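The values are calculated or read from the model by the stated rules, or taken from the named source; none is laboratory data. In this text, all values refer to a predicted model and were calculated from it rather than measured experimentally. Because the Cβ atoms are built from the backbone with ideal geometry, glycine has one as well, and the counts that use them run over all protein chains shown. To get the accessible areas, we keep the full protein, side chains included, count just its heavy atoms, and leave off ligands, DNA and RNA. Shrake-Rupley method; radii C 1.70, N 1.55, O 1.52, S 1.80 Å.
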Amino acid sequence: MGHRVKRSSGSELVGNGRRPYGRAWAASLLLAGLLGMALLASSAQAATVGLGTAANFAVLAGSTVTNTGPSVISGDLGLSPGTAVTGFPPGTVKAGTIHAADSVALQAQRDLTTAYNDAAGRSSTATISADLAGRTLTPGVYTSASSLGLSGALTLNAEGNANAVFVFQAGSKLTAGSGSRVRLTGGAQACHVFWQVGSSATIGTSSTFVGNILALTSISMKTGATLDGRALARNGAVTLDTNTITKAVCAAATKPKPKPKHKTTPTPTPKPTTKPKLTNTPLTPGCKSAGPAYKLPTFTFVSNAGLRKIKVVFRAKTLKVLTFKGKGPKQFKLNGVRVPTKGLAAGAHSVTVTGTDVKGKSVSRTVRFTICQAKPVFTG
C-alpha cells in the first residue's frame, strides 16, 4: 500500500505521485469568479418578458370586456374563457380583431399566464414604496410586497439603452391616480415596461399610463385614461370608459452606419467673383474750403482674381496710379490720396477711382465734394 504524507507546499504525496490540491483550489476560485461575472452581465442585460401570442392583444380579459363611450383600441381585443364583449360600438378596434372565447384568445391567455409567472418570479433589484410619484427609475425589477400607487409623474430612464427592461411587481393592487403619468426618457420603450399586479389595476381619470399591465384579476380604465402598452387580465374583467389603448410595439434596432475609411470631404473652393468690388468709407459732410488739398476717403478693393492696377482721376487728369505685379493682392486699401483744391471754383467737384483685376475686369467709384462759396471782402 502506498503511504500518504502531507506537505506544506499545498500538495500531498500518494505513493510515488503528487496531487496538486493548490492548483485545483486556484482553478475553482477562477471558475467561481467567471460565473459571478456572467451573472452580473446577465442581470445588466435582462431579457424582456416574453408575451407570446398575447403580444398581439391591446386588451385581453378572462371574464368580460365592458366599454362605455368612444374608446379606441389599436390591436386585438380578446376574451377567454368568458364570452361577453359589450360596448363595441361605440368603441372601435383598429388594426386588430375581436376574439371572444375562441382558440386564439385561449392561447393568448395561456401565454399571458406564462408571462405573468416570468415577471413575478424575477429577482428584485430594489424594494419600492407604495407611491412612485416624483421618482426617476433606471432599468431593473422593482418590488412592493403590497400595493403600488402613482399620484403624479413617474420617469423611466433607459440611459440610452433601447432594450432596457423595467419590471414592477405589486403584491396586491396597482392604482394610478387621476391625471397621473408615466414618462419615458433615455430611449426607454413602452414595450419593455411590465406591471405584474397580484390582484387588480385601476388607471385613473385622464391619466397617461405606459407599459404592459399583467393583472391576476381585473383592470379598470377610468374616463379618458390612455395606455401605451397592453391591458391584460388573467381571470377577471377589463372595464373601459372613453379610453385610448395602443398596443406597444418595439422600434426596430438600427445599426449605425460604418464610417468611411480614409475618405475626406474636400473643402469647396470659393467661386471667383465675376467682377472686383470697390467700397469707400463715408464722406465728411458739408462743403470744403478751397485750401491746398482735399483728402479722399479710404477705398477698399476686393477681387478673387487679384488686383492689377488702381487709378485715381480728377478733372480728366490722372492723380495716382498703382500697378501690382504677379497675381496681385485679393484685397487692398487705398488711403491718404490728396486732391489739389487750391484755386478751385466754388461748387461741386468729383474724383473717380478705378480698379482693374488681372483678368481685365474693372470697377469704378466716383466721390463728390463741394468747395464752399468764398465770403465777399468789402474795401474802401
- Task: Calculate what fraction, in whole %, of the accessible area of the range 298-380 sits on carbon and sulfur atoms when a 1.4 Å probe is rolled over the protein chains.
- Result: 51 percent
- Of the trypsin sites (Lys or Arg not before Pro) in the range 277-336, those whose Cβ has at most 16 other Cβ within 10 Å and which sit in DSSP loop: Arg315, Lys325, Lys327, Lys330
- Query: Taking the highest mean first, how do the peptides 340-348, 79-87 order by number of other beta carbon atoms within 10 angstrom per residue?
  - Reply: 79-87, 340-348
- What are the residues whose amide H is under 5 Å from the amide H of Gly78, where those residues sit 5 or more places off or on another chain and H is modelled from the backbone? Val59, Leu60, Ala61, His99
- Message: Output wanted: per-residue J couplings in Hz (rounded whole) for the range 208-225, from phi through Karplus 6.51 cos²θ - 1.76 cosθ + 1.60, θ = phi - 60°, x for Gly and Pro.
- Response: 10, 10, 9, x, 8, 8, 10, 9, 5, 10, 9, 9, 10, 9, 7, 3, x, 6
- Task: Pick out, in residue order, every one of the chymotrypsin sites (Phe, Trp or Tyr not before Pro) in the range 293-380 that is DSSP loop and has at most 11 other C-beta atoms within 10 Å; say none if there are none.
- Result: Phe378
- Note on the structure: Dividing the mean separation of Cα pairs under 8 Å (6+ apart) by the residue count of the range 301-380 yields a relative contact order in percent of 32 percent
- What nm value, rounded to one decimal, do you get for the distance between Phe88 and Ala252 when each label is placed 7 Å out toward the C-beta? 2.8 nm
- Query: Tell me, what HN-Hα J-couplings in whole Hz come from the Karplus equation 6.51 cos²θ - 1.76 cosθ + 1.60 at θ = phi - 60° for each residue of the range 191-199, using x for Gly and Pro?
  - Reply: 5, 9, 10, 10, 10, 8, 10, x, 9
- Among 223-230, 155-162, the order from most to least packed when residues are scored by Cβ within 10 Å on average: 223-230, 155-162
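Quick one: net charge around Lys247, please, counting Lys, Arg +1 and Asp, Glu -1 for every other residue with C-beta under 14 Å from its C-beta.
Numbers: positive: Lys94, Arg230; negative: Asp76, Asp228.
Net of charged neighbours comes to 0.
Pull out a ≥ b ≥ c, the square roots of the eigenvalues of the alpha-carbon gyration tensor of the range 76-204, then state rounded if a/c is under 1.5, prolate if not and a/b is larger than b/c, and oblate in the remaining case.
The shape class here is prolate.
Just need the relative contact order of the range 44-116 here, percent rounded to a whole number, with Cα pairs under 8 Å and 6+ apart.
For the range 44-116, the relative contact order is 35 percent.
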- Sort Ser103, Ser63 from largest to smallest accessible area, using a 1.4 Å probe on the heavy atoms of the protein chains. Ser103, Ser63
- Query: Under 5 Å between amide H atoms, partner at least 5 residues away or on a different chain: which partners does Ile219 have, H built in plane at 1.01 Å?
  - Reply: Ala201, Ala237, Val238, Thr239
- quick shape note, the range 133-230: Cα extents on principal axes in Å, largest first -> 33, 27, 23
- Task: Mind checking the per residue accessible area of the range 110-263 for me, 1.4 Å probe, whole number of Å²?
- Result: 44 Å²
